[in-house]
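These notes concern the structure reproduced below.
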Amino acid sequence: MPRFIALNIGNTHTLAALVDAKGLGRVQRLATAAFAASGCRTGLLAAHPTLPCFAACVVPAVAARLRELPRRRVAFVTAAAIRGVDLSAVDTRTVGADRLANLVAALEVTAPPYIVLDCGTAVTTVAVDALARFRGGAILPGRRLWRRALHEHTAQLPEIALSDSRPPALGTRTAEAIRAGIDLGVLGAVERLLIETRKELGVSTCPVFAVGGDHAYFLSQVPGLVAAPANFTLRGVARIARDH
């Protein structure tokens, strides 16, 4: 019998799964906008109207709607619920719930030190040192967000589609130049962040787990990345719920 519903509510997509004694069940993927428009009454939540929910949510409006659901116990990923990692070095009031779930999910597959690179709407990192202390991380726009920003804040630049291939540095058309600037630029940014993060952790190497909807591009282009297990962030949500 399922014990609760685990939710990972991101800016673009929401993932949901039933959790029982064996772990995550089949994962359901929804557009966050559609999930919010339904009043959080669709998918697994509609099928199991009284089952408790435990959520990592980075969209305050959706969190507010979840709290308003009748006959539903809802709890959220917070720093106070986390076990196994020392969070005292970081102002956790400002750390997104998805990043907290990521740093806990890594404990399922490795021992510290480690880094998690989440490649989604934003590209984020979390870093845990050899003493299991969360040391912080970085946030920068993801590839799609950079494209949208160029399109929306210029008069003529188009919004171009994502591609998993590495572009040449010399674009001969505007769209190619945008791809070169963004898709090579973000690789350079990530590679530099990983160098500086390892330096601050005091290690020459450590596992770097790539997760998120755009992780395949980074996996194919940045040496040393490891593909995280499927539904990594959601696994972290489920672990925090069980520990809590």
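Taking +1 at the Cβ of each Lys and Arg and -1 at the Cβ of each Asp and Glu, which of Pro167, Val237, Cys206 sits farthest along the dipole of the stretch 122-244 towards its positive end, judged by Cα position relative to the Cα centre? Result: Val237, furthest along the dipole toward the positive end. A simple rule links phi to the HN-Hα coupling: the Karplus curve 6.51 cos²θ - 1.76 cosθ + 1.60 with θ = phi - 60°, which for the stretch 30-44 gives 10, 6, 4, 4, 5, 4, 5, 4, 7, x, 6, 10, 9, x, 5 Hz, with x for Gly and Pro. Charged side chains reduced to their Cβ positions (Lys and Arg at +1, Asp and Glu at -1) give the stretch 76-228 a dipole of some 120 debye around its Cα centre. Its relative contact order, with pairs defined as Cα atoms under 8 Å and 6+ residues apart, puts the chain at 19 percent. Name the residue farthest towards the positive end of the dipole of the stretch 65-169 from the options Ala79, Leu150, Ala122, assuming +1 on Cβ of Lys and Arg, -1 on Cβ of Asp and Glu, about the Cα centre. Towards the positive end, the residue furthest out is Ala79. Taking Cα centre as origin and charging only the Cβ of basic (Lys, Arg, +1) and acidic (Asp, Glu, -1) residues, the dipole magnitude of the stretch 174-236 rounds to 180 debye. Dipole check for the stretch 42-143: with +1 at the C-beta of Lys and Arg, -1 at the C-beta of Asp and Glu, and the Cα centre as origin, the magnitude is about 360 Debye. With q set to 0.11, 0.18, 0.19 Å⁻¹, the log10 of I(q)/I(0) for the stretch 53-141, from the Debye formula over equal scatterers at the Cα positions, is -0.33, -0.81, -0.88. Per residue, the accessible area of the chain comes to 49 Å² when a 1.4 Å probe rolls over the protein heavy atoms. For the peptides 170-179, 90-99, residues were scored by their other Cβ atoms within 10 Å and the scores averaged per peptide; the highest-first order is 90-99, 170-179. Measuring nothing but protein heavy atoms, the accessible surface of the chain at 1.4 Å probe radius is 53 percent carbon and sulfur.
How many percent of DSSP beta bridges within the chain run antiparallel, rounded to 5?
Just about 60 percent of them are antiparallel.
Just checking my list (i) 12.8; (ii) 14.0; (iii) 18.6 against mean projected area of the Cα convex hull in nm² computed from this structure; which label fits? Evaluating mean projected area of the Cα convex hull in nm² on these atoms matches (ii). In the chain, helical runs assigned H by DSSP with n ≥ 4 each contribute -39500 (n - 2.57); averaged across all residues and rounded to the nearest 500, the mean residue ellipticity at 222 nm is -9000 deg cm²/dmol.
The values are calculated or read from the model by the stated rules, or taken from the named source; none is laboratory data. The shown structure was predicted, so the numbers you read here are calculated from the model rather than taken from an experiment. Cβ coordinates were reconstructed from backbone atoms using ideal geometry, including for glycine residues, and neighbour counts include every protein chain displayed. Note: accessible area is taken over every heavy atom of the protein model, side chains too, but ligands, DNA and RNA are not part of it. Shrake-Rupley method; radii C 1.70, N 1.55, O 1.52, S 1.80 Å.
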